[in-house]
1. Out of Asp36, Asp27, Asp41, which single residue is touching a helix residue (DSSP H, G or I) at 6+ places or on another chain (Cβ under 7 Å), modelled with pLDDT of 70 or more and acidic (Asp, Glu)?
2. Answer with yes or no whether Pro46 is modelled with pLDDT of 80 or more and exposed (fewer than 10 other Cβ atoms within 10 Å of the Cβ).
3. Using the structure shown, decide if His64 is over 24 Å from Cys100 (Cα atoms), exposed (fewer than 12 other Cβ atoms within 10 Å of the Cβ) and modelled with pLDDT under 80.
4. Out of all the residues in region 67-100, which are at pLDDT 65 or above and of a type in the set (Val, Ile, Thr)?
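The values are calculated or read from the model by the stated rules, or taken from the named source; none is laboratory data. Since the model is a prediction, treat every value here as computed from it, not as a measurement. Cβ placement follows ideal geometry from the backbone for every residue including glycine, while neighbour counts extend to all protein chains displayed.
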Amino acid sequence: MTQLKYTLLTDGSSDKTLLNIIKWLLDDLYPQLSCDGSFADFRHIPNPPQIGDVVQRVINFNVHYAVHLVAENIKDYSPLRELSAFREFEKDLKIAVRNCVSISQNI
């Protein structure tokens with residue numbers, strides 16, 4: 001079985017919940033493809049984002065951020081396909097997989 005390894009680079013640790021959505025989507029689209037996702041946690045690098053950055057985020061709370069909190073509790077992501085933004089993400093993900101993985105069978 002062909003394996004796809006990927007690392008999610010984001011601007012915050014809460015984005016780690018996106019791994020669940022990406023894993024579900026890849027498993028749904030490509031059941032014959034073994035996927036191994038990881039998350040790059042920049043908090044462990046020299047000069048990570050400072051507490052002031054976090055406080056500023058809270059002050060400027062963005063409703064889209066709350067999506068991550070909801071995503072942690074979702075068991076079935078298929079209703080997300082009703083959202084045009086998710087369908088665009090799905091299309092982009094398909095292109096990325098095709099560009100990164102050479103599979104002898106059609107995916």
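1. Testing whether each residue is touching a helix residue (DSSP H, G or I) at 6+ places or on another chain (Cβ under 7 Å), modelled with pLDDT of 70 or more and acidic (Asp, Glu) leaves just Asp41.
2. no
3. Considered against the rule, which asks whether it is over 24 Å from Cys100 (Cα atoms), exposed (fewer than 12 other Cβ atoms within 10 Å of the Cβ) and modelled with pLDDT under 80, His64 comes out as yes.
4. Across region 67-100, the qualifying residues are Ile74, Ile95, Val97.
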